[in-house]
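Novice: First the structure, then my questions, so here it is.
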Amino acid sequence: MTRLNVGDLFPDFEVTEACTGSTTVTKIMDGRKTMFVVLRYIGCTVCRYDVHCLQERISEFKEKGVNVCVVMQSEASNVRKDLNDVPLPFALICDPDLNLYRSLDINPAESMEALVGGDLAKLQAKGEKAKACGYSHGLYEGNEQQLPAFFFVDADRTVLKAHYGTTIMDMPTVDEMIKMI
């Protein structure tokens, strides 16, 4: 598949949701606009912090009628273990075989240096925030050099915003996501 652009139809994949098991993108969306935040894996400290930030602000998305869905390379059992079997207030798709990543053409960086890019100071600052919340690096899963992506999708799965990250830090913040609504 080629990269998604505004106006394209977001595919309806069969997926594994971390806490509920087998489902589809359409069922996760439940007839609502949805923000898909595609990260690396739950053991990545800054990715875990991103999940934390979305958890803390989920009510702002819900108030605006927008669903949130995180996608990670993690095994569902590893996500549940990291979360101490406490369900998230949003869906988390587990894609350890990287099928969704490949289908959406979300490629890894060519090297760890390219993954970080010129964002080392930003990455370190985010890492410090994650550490302050009690997160430390966990199990490595998937492709360590995986780049992130973000898709804001209308209720009919039409892509309203598509962003393919060029570094690990090249993603909209939660504030920016909320402003998009």
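The values are calculated or read from the model by the stated rules, or taken from the named source; none is laboratory data. For clarity, every value in this text was computed on a predicted model and none was experimentally measured. Cβ coordinates were reconstructed from backbone atoms using ideal geometry, including for glycine residues, and neighbour counts include every protein chain displayed.
Novice: Only one of (1) at pLDDT below 95; (2) closer than 20 Å to H137 by Cβ fails for F13. Which number is that?
Specialist: It fails just one condition, (2).
Novice: Across region 99-147, what is the total count of residues that are in contact with an Asp or Glu (Cβ under 9 Å, 6 or more places away or on another chain), farther than 21 Å from L83 by Cα and not small (G, A, S)?
Specialist: Counting residues in region 99-147 that are in contact with an Asp or Glu (Cβ under 9 Å, 6 or more places away or on another chain), farther than 21 Å from L83 by Cα and not small (G, A, S) gives 7.
Novice: For S74, all conditions in the list (1) surrounded by fewer than 17 Cβ atoms within 10 Å (Cβ to Cβ); (2) of a type in the set (S, T, N, Q); (3) within 23 Å of F13 (Cβ to Cβ) hold save one; what is the number of the exception?
Specialist: All conditions pass for S74, except number (1).
Novice: Let me ask you something else. If a residue has to be crowded, with 16+ Cβ neighbours inside 10 Å, small (G, A, S) and either modelled with pLDDT under 95 or over 30 Å from N5 (Cα atoms) (or both) to count, how many in region 128-160 make the cut?
Specialist: Within region 128-160, residues that are crowded, with 16+ Cβ neighbours inside 10 Å, small (G, A, S) and either modelled with pLDDT under 95 or over 30 Å from N5 (Cα atoms) (or both) number 3.
Novice: Right, next: Residues that are out of contact with any Phe, Trp or Tyr (no Cβ under 8 Å at 6 or more places or on another chain), at least 3 per element: which helices (runs of 4 or more DSSP H) completely within region 93-181 meet that? Steps first, answer last, please.
Specialist: On the way: elements: 99-103, 112-116, 120-132, 174-180.
Of the helices (runs of 4 or more DSSP H) lying wholly inside region 93-181, those with at least 3 residues that are out of contact with any Phe, Trp or Tyr (no Cβ under 8 Å at 6 or more places or on another chain) span 112-116, 120-132, 174-180.
Novice: Now a separate question. Taking into account only those residues within region 86-125 that are within 19 Å of S22 (Cβ to Cβ) and free of Cβ contacts under 8 Å to residues at least 40 places away in the same chain, which is surrounded by the most Cβ atoms within 10 Å (Cβ to Cβ)?
Specialist: From region 86-125, those within 19 Å of S22 (Cβ to Cβ) are 87-88, 90-101, 103; that's our starting set.
Narrowing the set further to residues that are free of Cβ contacts under 8 Å to residues at least 40 places away in the same chain leaves 90, 97.
On the way: F90: 20, D97: 11.
Of everything passing the filter in region 86-125, F90 is surrounded by the most Cβ atoms within 10 Å (Cβ to Cβ).
Novice: Identify all residues within region 132-155 that are touching a residue at least 60 places away in the same chain (Cβ under 8 Å), more than 15 Å from V51 (Cβ to Cβ) and not aliphatic (A, V, I, L, M); write none if there are none.
Specialist: Within region 132-155, Y140, G142, N143, E144, Q146, F151, F152, D154 meet the criteria.
Novice: Inspect all residues belonging to region 25-45 and state whether any of them is in a helix (DSSP H, G or I), modelled with pLDDT under 95 and of a type in the set (V, I, T). Give the steps one after another, and end with the answer.
Specialist: Filtering region 25-45 for residues in a helix (DSSP H, G or I) gives 25-29, 45.
Filter once more, so that each one left must be modelled with pLDDT under 95: 45.
Then drop every residue that is not of a type in the set (V, I, T), which leaves 45.
Checked against the condition, which is being in a helix (DSSP H, G or I), modelled with pLDDT under 95 and of a type in the set (V, I, T), region 25-45 yields at least one hit.
Novice: I would also like to ask the following. Does K81 fit the bill of being at pLDDT 95 or above and of a type in the set (K, R)? Show your work before the answer.
Specialist: Values: at pLDDT 95 or above: no; of a type in the set (K, R): yes.
Considered against the rule, which asks whether it is at pLDDT 95 or above and of a type in the set (K, R), K81 comes out as no.
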